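J.: This is the structure I have questions about; it appears just below.
The values are calculated or read from the model by the stated rules, or taken from the named source; none is laboratory data. Just so it is clear, the structure is predicted and the values come from calculations on it, not from any experiment. Cβ: placed from backbone, ideal geometry, glycine included. Neighbour counts: every protein chain shown.
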């Protein structure tokens, strides 16, 4: 458990209360190890994330992450404190899974009534791409800085295979089960290479329909008709940018969860940052944190063949959707007055009302 900085600790504390209730109702236990890290840790100790903390992450079944970094705290080269990027690289969390699903009862920035149907996943490759240049950039001369985009066959193939597996699992739940490769292959050699590797991977997965889209066209299409997409896979930087745009379609980063998943490890975190402007005010919306916890439970359930965890993930997500559908709360970013405490209390009440279902899960 990595609470981090700013509102990270606030939404983490709220999430633990929810998970404790869910676990007690469903008959499982979660053992937490709270680790320090982030901008405040760097400011106080000179280390944003220690080797000992990384070793604890290596031994964990899963990592739950709040948010880290503060705009005024930076490394000597001017870059921000971001231990999450180090964790992704060290543990090879190559699949950045960003579900984008509209929640009932909350307004969309889109006027089209089909905005209620938004339900897709953006998949980022997270170990290379343009972010590979982090810490490797160079000054060619006092007036020229260079960063390098690195794309490898191995990096592409593993995230593409993940995309096809994800599409199949979504198809089993009623989604189209289609994969869209998002790139800029007509301009950059690295992107053309990625495009070609995707085509080869698609040929090995003929049961899944595919398409290609330029990243700039995808930015347009997500605003015009986001409901037509299912699974999108992109290079690290492109996926990062599109994920924020997509979160805006469903109401903002406070509703956007994520999972950073590898072959052996996984980390789950809300897509938002530390929001220092509202830290300590109780205004933070914990929904993305709760949804990220649901993703964690689902991943643990699948990985360990544990139906209790898998069912608990569905119960938590269903409770969240019910809270907003019934307009039990209206978060501050939607013009309401409900912050961290109010949203958490509403979700706890919803989970309590779901207790008969949870009891059946515990007996199974």
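J.: Across region 78-89, which residue is nearest to residue 229 (Cα to Cα) among those that are in contact with a helix residue (DSSP H, G or I) (Cβ under 8 Å, 6 or more places away or on another chain), in a helix (DSSP H, G or I) and touching a residue at least 40 places away in the same chain (Cβ under 8 Å)?
T.: My answer is 85.
J.: Still on this structure, I have one more. Specify which of the listed residues (174, 196) is over 25 Å from the mean Cα position of the chain (by Cα), surrounded by fewer than 17 Cβ atoms within 10 Å (Cβ to Cβ) and not assigned by TED's automatic domain parsing to the domain that holds residue 323. Spell out the reasoning first.
T.: Details: 174 fails: over 25 Å from the mean Cα position of the chain (by Cα).
Just one listed residue meets the conditions, 196.
Every residue, every condition in (1) in contact with a strand residue (DSSP E or B) (Cβ under 6 Å, 6 or more places away or on another chain); (2) free of Cβ contacts under 8 Å to residues at least 60 places away in the same chain; (3) farther than 30 Å from residue 230 by Cα, yes or no:
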site: 76; (1), (2), (3): no, yes, yes
site: 95; (1), (2), (3): yes, no, no
site: 103; (1), (2), (3): no, no, no
site: 109; (1), (2), (3): no, no, no
site: 114; (1), (2), (3): no, no, no
site: 117; (1), (2), (3): no, no, no
site: 140; (1), (2), (3): yes, yes, yes
site: 146; (1), (2), (3): yes, yes, yes
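J.: Separate question: Between 202, 219, which is assigned to a helix (DSSP H, G or I), farther than 27 Å from residue 133 by Cβ and touching a helix residue (DSSP H, G or I) at 6+ places or on another chain (Cβ under 9 Å)?
T.: Numbers: 219 fails: farther than 27 Å from residue 133 by Cβ.
Unique residue meeting the criteria: 202.
J.: Next question. Condition (residue is over 18 Å from residue 97 (Cα atoms) and surrounded by fewer than 17 Cβ atoms within 10 Å (Cβ to Cβ)) applied to region 228-237: is it met by at least one residue?
T.: Pass one, region 228-237, residues over 18 Å from residue 97 (Cα atoms): 228.
Keeping just the survivors that are surrounded by fewer than 17 Cβ atoms within 10 Å (Cβ to Cβ) gives 228.
Within region 228-237, one or more residues are over 18 Å from residue 97 (Cα atoms) and surrounded by fewer than 17 Cβ atoms within 10 Å (Cβ to Cβ).
J.: Please enumerate the residues belonging to region 37-73 that are exposed (fewer than 15 other Cβ atoms within 10 Å of the Cβ) and within 13 Å of residue 5 (Cα to Cα).
T.: Across region 37-73, the qualifying residues are 43, 44, 71, 72.
J.: Residue 128 passes all but one of (1) outside the structural domain of residue 181 (by TED's automatic domain parsing); (2) touching a residue at least 60 places away in the same chain (Cβ under 8 Å); which number fails?
T.: (1)
J.: Which one of these does residue 151 not meet: (1) in contact with a helix residue (DSSP H, G or I) (Cβ under 8 Å, 6 or more places away or on another chain); (2) at positive phi?
T.: (2)
J.: Need pairs with beta-carbon distance below 9 Å; first residue within 14 Å of residue 193 (Cβ to Cβ) and outside the structural domain of residue 193 (by TED's automatic domain parsing) and within region 148-163, second part of a loop (DSSP other than H, G, I, E, B) and modelled with pLDDT under 95; sequence gap 6+ or separate chains.
T.: Correct list of pairs: empty, since none qualify.
J.: Further question on the same structure: Does residue 72 satisfy the criteria of being farther than 16 Å from residue 258 by Cβ and assigned by TED's automatic domain parsing to the domain that holds residue 325? Write out each step before concluding.
T.: Numbers: farther than 16 Å from residue 258 by Cβ: yes; assigned by TED's automatic domain parsing to the domain that holds residue 325: yes.
Yes.
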